[in-house]
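The values are calculated or read from the model by the stated rules, or taken from the named source; none is laboratory data. What you see is a predicted model, and the numbers here were worked out from it, not measured in a lab. So basically every Cβ, Gly included, is an ideal-geometry build from the backbone, and we count neighbours across all protein chains shown.
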């Protein structure tokens, strides 16, 4: 065997050995990864080959909704073209929305919905049918029916309507939105821009989104295309079950849509079907989330719990002995981590039911029994309080009914009002603002100017517990 041939043979053997090692390593690595990946439904269907069977099965349960609403005074369109949009003082020549001189305007809109039972009940969004004089529902088989409103819930933007006389209806099954995971495949169905039975697919981009639409925001975010007209249509999982109700989009955004979780909607739908309206529980407190500073101040290690910023006199919390500065950590055996958790939990409690609420006060836990009242969503419950501090570059004053009203505080509140902050002072650098209400200094309550000054003189480093309008409790450190 000559040298060249021998070298080629040795080189070939080396290549084969290296390839073998790579193959073995890859196999072992793949096996390890497979063992570490949880076996869930979403993992089993990583990239669906087709959504056609799912869409075909769900199609009969999805409906198109067309409404007609009479807008008095010609509405926004009339005022734009026949008013004077350049006159700031009289922009519409006194043609208000109910001006008798302006003709009525018939406003037509489109939306979607889905059938939930064979009796003709259909779920949609409140904004789709609110104020409508006529509601038409078109089924997948192109049959059209008049619909009546069974009930509405503006706070969650849900509505229930009903059609009569339809036969062979195909209701959609409701799933479990809590089981959705970020990255799961979902399908949106509806009538965007009036294009009926449109199917789009995407993934769950996020859960628990708060977009400022109401007190019960808890949206599923998805990149499945949602457009005007999709409102009220179903968001489906890969089993063809409804996991959300398509509701909102981000203006000028692409790939960002929001759906109401079906688990939030089910209780509301049941109430609308049985009573035509929704009744929610009311505790009677103003609340806020714990910031890291507040958690440290109250000695809470995991930042979990909800701070009671205010207790409304005569309401359930007040009657049960809950006080401002208490931290609510558990309601009826269920832990609450955020103000949104607490609001949703209390809202779901039947009116008149007595429930245990666990609070943290002065570093100790205690449980009180509270009889839940009915929440009045028709009236604003927001009540504001304010107070402030003295010295360190701040001007302070006693709280009077006049100053309380001026700065947006309650007349019954206690504390010291900050009426001015000197530029460049330690207080300004630390974040103290005019209108702040100083409630405590280094965990000691203060209710007068003299008390505040005494406490400030005692300590070189200060922790001020202040209450700020529209912001709630804050801890400000001044060293």
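Does residue 417 meet the test of being closer than 26 Å to residue 312 by Cβ, surrounded by 15 or more Cβ atoms within 10 Å (Cβ to Cβ) and touching a residue at least 24 places away in the same chain (Cβ under 8 Å)?
Answer is yes for this residue.
Which of the residues belonging to the range 288-334 are under 20 Å from the mean Cα position of the chain (by Cα), at pLDDT below 85 and crowded, with 21+ Cβ neighbours inside 10 Å? The answer is 290, and nothing else. Filter the range 335-348 down to residues that are in a helix (DSSP H, G or I) and without any contact (Cβ under 8 Å) to a residue 40 or more places away in the chain and give me whichever is farthest from the chain's Cα centre (by Cα). Residue satisfying both the conditions and the ranking: 345. Applying the set (1) in contact with a helix residue (DSSP H, G or I) (Cβ under 6 Å, 6 or more places away or on another chain); (2) within 29 Å of residue 280 (Cβ to Cβ); (3) modelled with pLDDT under 95 to residue 211 leaves exactly one unmet item: (1).
Taking into account only those residues within the range 162-198 that are farther than 26 Å from residue 119 by Cβ and surrounded by 18 or more Cβ atoms within 10 Å (Cβ to Cβ), which is nearest to the chain's Cα centre (by Cα)? It comes out as 180. Among the residues of the range 299-316, none qualifies, meaning not one is farther than 24 Å from residue 410 by Cα and part of a helix (DSSP H, G or I). Among the residues of the range 420-433, those that are out of contact with any helix residue (DSSP H, G or I) (no Cβ under 8 Å at 6 or more places or on another chain) and either surrounded by fewer than 21 Cβ atoms within 10 Å (Cβ to Cβ) or under 24 Å from residue 363 (Cβ atoms) (or both) comprise 420, 423, 424, 425, 426, 428, 429, 430, 431, 433. Restricting attention to the range 410-455 and to residues that are within 22 Å of residue 299 (Cα to Cα) and part of a helix (DSSP H, G or I), the residue that is modelled with the highest pLDDT turns out to be 430.
Kindly check whether there is at least one residue in the range 149-158 that is touching a strand residue (DSSP E or B) at 6+ places or on another chain (Cβ under 8 Å), under 18 Å from residue 235 (Cα atoms) and in a strand (DSSP E or B).
Residues of the range 149-158 touching a strand residue (DSSP E or B) at 6+ places or on another chain (Cβ under 8 Å): 149-153, 156-158.
Next, from what is left, pick out any that are under 18 Å from residue 235 (Cα atoms): 156-158.
Remaining after also requiring in a strand (DSSP E or B): 158.
There is at least one residue in the range 149-158 that is touching a strand residue (DSSP E or B) at 6+ places or on another chain (Cβ under 8 Å), under 18 Å from residue 235 (Cα atoms) and in a strand (DSSP E or B).
Please enumerate the residues belonging to the range 222-258 that are out of contact with any strand residue (DSSP E or B) (no Cβ under 6 Å at 6 or more places or on another chain) and at positive phi. Of everything in the range 222-258, those that are out of contact with any strand residue (DSSP E or B) (no Cβ under 6 Å at 6 or more places or on another chain) and at positive phi turn out to be 240, 252, 255.
Among the residues of the range 272-287, the ones that are surrounded by fewer than 18 Cβ atoms within 10 Å (Cβ to Cβ), out of contact with any helix residue (DSSP H, G or I) (no Cβ under 9 Å at 6 or more places or on another chain) and at negative phi come to 3 in all.
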